[in-house]
Amino acid sequence: MKELVIKVEGMMCSGCENRVQNALKTVEGVEKVVANHVDGTVTVTLNKDIDEKVIKDKIDDIGYSIKE
Ligand SMILES: [Cu+2]
């Protein structure tokens, strides 16, 4: 299992956390997602070796931006 911690901008409340979590849970290879709007992080646990870009694109698709 691999864990990614992604810095995300634009999450303002727990509703945003849920949106991000629900969107990422649909990605194949994602085992668990914990979004935190307070520190602006999304922690993703993978059960498969997938490209980090797939996750980042998904976050971008639903309207949040990745902080590089
Ligand atoms: Cu929100």
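Only the coordinates and a few stated rules stand behind these numbers; no lab work does. None of the values given here were measured: they were computed from a predicted structure. FYI the Cβ positions are ideal-geometry reconstructions off the backbone, even for glycines, and counts take in every protein chain you see.
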* **For the chain, projected area of the alpha-carbon convex hull averaged over all directions, nm²** => 3.8 nm²
* For the chain, calculated [θ]222 nm from helices alone, where every DSSP H run of n ≥ 4 adds -39500 (n - 2.57) -> -10000 deg cm²/dmol
* List, in order, the whole-Hz ³J(HN,Hα) value for each residue of the stretch 62-68 obtained from phi through the Karplus relation with A = 6.51, B = -1.76, C = 1.60 and θ = phi - 60°; use x for Gly and Pro. => 8, x, 10, 10, 8, 9, 7
* To do: For K25, go through the lysines and keep the ones whose alpha-carbon is under 19 Å away, minus same-chain ones fewer than eight residues off.
  => K2, K7, K48, K53, K56, K58
* To do: Arrange E68, E52, E17, E9 by Cβ neighbour counts within 10 Å, fewest through most, would you?
  => E68, E9, E52, E17
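Dipole magnitude of the chain about its Cα centre, charges +1 at Lys/Arg Cβ and -1 at Asp/Glu Cβ only, in debye to the nearest 20? The partial results should precede the final answer.
On the way: 10 positive and 13 negative charges, 27 e Å.
For the chain, the charge dipole is close to 140 debye.
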